[in-house]
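Heads up, the thing below is written out as structure tokens.
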Amino acid sequence: MKPQRARILAMQAIFQMDFQKRPLKDLLLFDWIDYEIPNDEKVFAAELVKGAIENSDIINETIIQFSKNWDIRRISRVSKAIITISLYQLMFLKDEMPYKVVIDEAIRISKKYAEDDAGRFINGILDAYYWQDKK
């Protein structure tokens, strides 16, 4: 399994949910992908998407809390999708996912899919959450 590809799938699904208002059952079809997705990647991506959507209220509150001086509506949809997937992992899968891996993957994905300076913004939110959670 390539976890980064699963995280990208999950980010794309969250983006589509926000942009196209697609229902969860449609998102989990991953029908916008034009290559064969290994089953373990599809399962991991689906877990991330379902968990992020089920916990979207607390994840959005956390984004608002740690994006000081930024209205959540000003965060690009791609960046928000990356942050959402990453916060879900940090908040609910922290025993399974080392925080450094989650944050590094978020930055790596942002370099490929988000605007140029998104990585610093995403890193700031995720890192601030992680260190607050450690207190």
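When shorter helices are ignored and each DSSP H run of at least 4 residues is given -39500 (n - 2.57), the per-residue value for the chain at 222 nm works out to -23000 deg cm²/dmol.
Give me the net charge for the shell around E41: Cβ to Cβ below 14 angstrom, other residues only, Lys and Arg +1, Asp and Glu -1. Around E41, the surrounding residues sum to 0. Listed values for the stretch 11-21 are Karplus-derived 3J(HN,Hα) couplings in whole Hz (6.51 cos²θ - 1.76 cosθ + 1.60, θ = phi - 60°), namely 4, 5, 5, 5, 4, 5, 4, 6, 7, 9, 6, and x replaces Gly and Pro. Give me the net charge of Q4's neighbourhood, meaning all other residues with Cβ under 9 Å from the Cβ of Q4; Lys, Arg count +1, Asp, Glu -1. Here the charged neighbours net out to +3. If you plug the beta carbon distance of D31 and W131 into 1/(1 + (r/R0)^6) with R0 = 30 Å, you get a FRET efficiency near 0.20. The share of Cα pairs per 10 Å bin across the chain, counted from zero up to the longest distance, runs 13, 48, 33, 6, 0 percent. Tell me which lysines have Cα within less than 19 Å of K42's Cα, excluding those fewer than 8 residues away on the same chain? Leaving aside lysines fewer than 8 places away in the same chain, those within reach of K42 are K2, K25, K50. Were the residues from D95 through R74 laid out at 0.36 nm apart, the gain over their Cα-Cα distance would be 4.4 nm. Summing Lys and Arg as +1 and Asp and Glu as -1 over all other residues whose Cβ lies under 13 Å from the Cβ of N123 gives a net charge of 0.
Taking Cα atoms only, the orientation of helix 99-113 departs from the longest principal axis of the chain by about 70 degrees.
Values in this text are rule-based calculations from the coordinates and carry no lab data. All of these numbers come straight from a predicted model, not from anything done at the bench. Every residue, glycine among them, receives a Cβ derived from its backbone with ideal geometry; neighbour counts consider all protein chains shown.
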